[in-house]
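The values are calculated or read from the model by the stated rules, or taken from the named source; none is laboratory data. Treat the numbers as computed from the prediction; the structure is a model and nothing was measured. Every residue, glycine among them, receives a Cβ derived from its backbone with ideal geometry; neighbour counts consider all protein chains shown.
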Amino acid sequence: MKYFIFISLLFISTTKSFSDSLGTNKTINDYLDNGYLIQSIQIMDEEKLLYNLLNNGSEEKMFEPKLISCFYNINSQISNCFKP
């Protein structure tokens with residue numbers, strides 16, 4: 001379990017340094033409605049979840065990011081999304 005937490009934190013720290021923020025103007029449901037699929041959900045702490053969403057691969061999504069990651073704060077109900 002310790003290694004999983006360490007690898008998750010390492011992933012987050014490197015992803016944030018090499019990622020482009022997509023802001024907080026869209027919710028995870030917006031991306032799901034737009035054709036993205038949930039790849040994984042990770043519990044970061046008691047307030048935050050990390051969602052990894054994959055592009056469905058359709059031609060209309062050809063120029064959109066293949067992977068989007070979103071931190072969701074349960075208390076504030078705000079998603080902060082970025083593309084790695």
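Does segment 23-42 contain any residue that is small (Gly, Ala, Ser), over 11 Å from the mean Cα position of the chain (by Cα) and surrounded by 12 or more Cβ atoms within 10 Å (Cβ to Cβ)?
Within segment 23-42 (the criterion being small (Gly, Ala, Ser), over 11 Å from the mean Cα position of the chain (by Cα) and surrounded by 12 or more Cβ atoms within 10 Å (Cβ to Cβ)), the answer is yes, since at least one residue qualifies.
Please tell me if Ser19 is of a type in the set (Gly, Ala, Ser), modelled with pLDDT under 90 and within 15 Å of Pro84 (Cβ to Cβ).
yes
Scan segment 42-84 residue by residue and report those that are within 13 Å of Leu22 (Cα to Cα) and not in a strand (DSSP E or B).
Result: Glu64, Pro65, Pro84.
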